[in-house]
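Working notes, structure below.
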Amino acid sequence: MDALKKLYWLLRYDYKVHYLLPLLLLVPIFIFLWRDPLDTYVEPGEPVIAQITQLSVGHSRLQGRTPGLVLAASTADGISGVKIVLPSEVAGCKAGDPIRAERKGIKLHLQPSPCEN
């Protein structure tokens, strides 16, 4: 019993381990976020110019309307990409207008910006 009291005293008052307990809660969260669980990192690719093929409000029977506009674009090679954007990001754009994009393999990552009239 004395050894247990001595260990408690050592951990509580000498090493002050109780200050490190919140780290035990935060470290797993940091490790989880470090691994990019939402897959937000996009590798840089080859810059290309794509044509807007569709600019519409998306709708699904189960989920209703999408919060924003569905922007679809494709390159002359036939590579296409789709992205949901805010209306202010594609102000003045219509189908057939050029848009900046990055090509990574067979993926096309769109980079919308307002079009000039």
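The values are calculated or read from the model by the stated rules, or taken from the named source; none is laboratory data. Being a predicted model, the structure only gives us computed values, none of them experimental. With ideal geometry, Cβ positions are generated from the backbone for all residues, glycine too; neighbour counts draw on all protein chains shown. To get the accessible areas, we keep the full protein, side chains included, count just its heavy atoms, and leave off ligands, DNA and RNA. Shrake-Rupley method; radii C 1.70, N 1.55, O 1.52, S 1.80 Å.
Sorted into 10 angstrom bins from 0, the C-alpha pair distances of segment 49-89 split as 30, 46, 21, 2 percent.
For segment 83-96, backbone phi angles converted through the Karplus equation (6.51, -1.76, 1.60; θ = phi - 60°) give residue-by-residue couplings of 8, 8, 10, 7, x, 5, 6, 10, 4, x, 8, 9, 4, x Hz, Gly and Pro being listed as x. Mean residue ellipticity, 222 nm, helices only, the chain: the sum of -39500 (n - 2.57) across DSSP H runs of n ≥ 4, divided by residue count and rounded to 500, is -5500 deg cm²/dmol. A straight chain from ARG12 to PHE32 at 0.36 nm per residue would run longer than the Cα-Cα distance by 4.2 nm. Just so you know, the averaged projected area of the alpha carbon convex hull for the chain sits at 13.9 nm². Each Lys and Arg contributes +1 and each Asp and Glu -1, all at the Cβ; summed about the Cα centre of the chain, the dipole is approximately 540 debye.
Working note: Karplus 6.51/-1.76/1.60 with θ = phi - 60° gives segment 43-48 the couplings 5, x, x, 8, x, 9 Hz, where Gly and Pro are set to x. Note on segment 1-89: dipole from Cβ charges, positive end direction compared against SER60, TYR8, LEU20; the farthest Cα belongs to TYR8.
Taking amide H atoms as placed 1.01 Å from N in the peptide plane, list the residues 5 or more away in sequence, or in a different chain, whose amide H sits under 5 Å from that of CYS93. Hits under the 5 Å cutoff: CYS115.
For the chain, the fraction of 1.4 Å probe accessible surface lying on carbon and sulfur atoms is 62 percent. Taking amide H as placed 1.01 Å from N in the peptide plane, ALA101 has its amide H under 5 Å from the amide H of VAL48, ALA50, GLN111, each at least 5 places away in sequence or on another chain. With protein chains left intact and a 1.4 Å probe, residues in the chain average 82 Å² of accessible area per residue.
Beyond 12 Å, what percent of the Cα pairs of segment 1-48 remain? Summing the P(r) tail past 12 Å for segment 1-48 gives 74 percent.
Each peptide among 61-70, 86-95 gets the average number of other Cβ atoms lying within 10 Å of its residues, and from highest to lowest they stand as 86-95, 61-70. FRET efficiency for the SER113 to THR75 pair, using the beta carbon distance and R₀ = 25 Å, is estimated at 0.90. Taking every C-alpha pair closer than 8 Å and separated by at least 6 residues, the mean separation divided by the residue count of the chain gives a relative contact order of 22 percent.
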